[in-house]
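Notes to accompany the following structure.
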Amino acid sequence: MKMHKFSLSAVAALMTFLPFASQAEITILKQDVQAGDPLSRLNFAVGGSIRAQVNHQTGVNDSSYKRDGFDGGTRFRFGADYYLFDDVSWVSYYELGVNIPKLFDWDDHYADGANNTTRRQLYTGLKSKTWGQLTFGQQNSVYYDVVGAKTDIWDYDMLAQAPGNGISGDYDGSYRSRKQLKYKNTFGALDVYASYLFNDNEYLPGNSLRYKRKGGGSLGVDYHITDDLTWGTAWNYTHATMRNAETGDSKDYDQNIFGTALSWTPGNWTFSAGGGWYENFIPTKQSNVNNYFADDAWGIEYFAGYKIPVKQYGLKAVQPYVMGDRLEYVNGRDYQRIDNGLGVTLFLDYGFRVDYEHVFTSSTDNLGDMNLVRLRYDF
């Protein structure tokens, strides 16, 4: 099947045939422990988000597939909680990313080499109210949970934070980290996190280069100052090797990212801000293994929005917002990027929403401003 023009209206029509579910996970099996009934110990839920999007970058003769429409991050998730004894449960989680245009082979609406599906997360472990939660597999990093997630709340974001700028967030420990042993527990107003990153397979960024994580770990703390004000701080360390398969050259890197962020949600307001320092972490755009990562760089992000209740004509609420970021290399590359933007989200009935953003960009490489529209259905 070939399709040369991907229409948001067509996707919207397709979505109308989906179940009218609220914006929440759907519980397939509800846990209700009964003696002699093993299945009664299981809680199983599914959920997901279908996202169609158009991006247009001004001033640069934009002709990319994103201008014609693309998948903006469709994902489906499956979670299970199986009661074992006392307050201990066995938990498992799977999140699958699906590139719908690539799946149906719609030309000019996906990147070259894109996959039909991507494993976003897959982990399992034990959970206890007393002892905390211990899980292993591919899952959100401590850094993302504590720092990154607080400003990952608009569409054209993560442009200045560590999870959006490393060689690969799945491999370098900053985002959805592979082969990660992760622990979380709560002590009063503090959520305490720790993780260990195991040796991983090689990641191939191109130009005959091979990136290999040899180990690492993370620490993080979320301090719930009040019910609506949270302050998070995290550190992630990754020991890795960059190798050139053709020349045999290699170099070990000790990668560190330090970050802190605040989230404040008083009433209908949402405010968040965060920043980080990145050591031997962000690529310099050079292919030399000895200078592949910048020694030091930093980034900040912010968001402020107000959700206006409407509750009529199929419109639940409107949220106008402002947002922005700044990324700067201290050394290794002469580069700076500053983004500031305006956005609005329309929250519709049955889990639908529409996002529009215009972002003004000033950068060393003269990137254009960004206009984007995203149609999203959450269930």
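The values are calculated or read from the model by the stated rules, or taken from the named source; none is laboratory data. Note that the structure is predicted; figures quoted are calculated from it, not measured. We place every Cβ from the backbone using ideal geometry, glycine too, and count neighbours over all the protein chains shown. Accessible surface areas use protein heavy atoms only, side chains included; no ligands, DNA or RNA. Shrake-Rupley method; radii C 1.70, N 1.55, O 1.52, S 1.80 Å.
Just a few scattered comments:
- DSSP-loop trypsin sites (Lys or Arg not before Pro) across the stretch 27-94, with at most 15 other Cβ within 10 angstrom: Lys30
- For the pair the stretch 235-254 / the stretch 101-124, the C-alpha centres are spaced 28 Å from each other.
- Summing Cβ point charges (Lys, Arg +1; Asp, Glu -1) relative to the Cα centre of the chain gives a dipole of roughly 720 debye.
- Calculated FRET efficiency for the pair Asp228/Leu126, C-beta based, R₀ 45 Å, to 0.05: 0.90
- Cα-only Debye scattering, the stretch 89-248: base-10 log of I(q)/I(0) at q = 0.16 Å⁻¹: -1.03
- Spin-label proximity, His358 to the stretch 31-63 - amide N less than 15 Å from point 7 Å beyond Cα toward beta carbon: 56-59
- Apportionment of accessible area to carbon and sulfur, the stretch 191-247, percent (1.4 Å): 55
- Using alpha carbons only: equivalent-ellipsoid semi-axes of the chain, gyration tensor based, whole Å: 31, 29, 23
- Candidate aspartates and glutamates for bridging to Lys307, where Cα separation is under 14 Å - those fewer than 8 sequence places away on the same chain excluded: Asp355
- On a per residue basis, the chain carries 49 Å² of accessible surface, using protein heavy atoms and a 1.4 Å probe.
- The stretch 43-165, accessible surface, carbon-and-sulfur percent (1.4 angstrom probe): 54
- Solvent exposure ordering (accessible area, 1.4 Å, most first) of Arg374, Arg210: Arg210, Arg374
- Computed from the Cβ-Cβ distance with R0 of 56 Å, the FRET efficiency linking Gln336 to Ala35 stands at 0.30.
- Kirkwood Rh (inverse of mean 1/r, distinct Cα pairs), the stretch 37-109, angstrom: 15.3
- Full extension of the chain segment joining Val318 with Asp105 gains 73.2 nm, where the gain is 0.36 nm per residue of separation less the Cα-Cα distance.
- Normalised contact order of the stretch 171-295, rounded percent, pairs of Cα under 8 Å and 6 or more residues apart: 17
- Relative contact order, whole percent, for the stretch 83-174 stands at 22, derived from Cα pairs under 8 Å and 6 or more residues apart.
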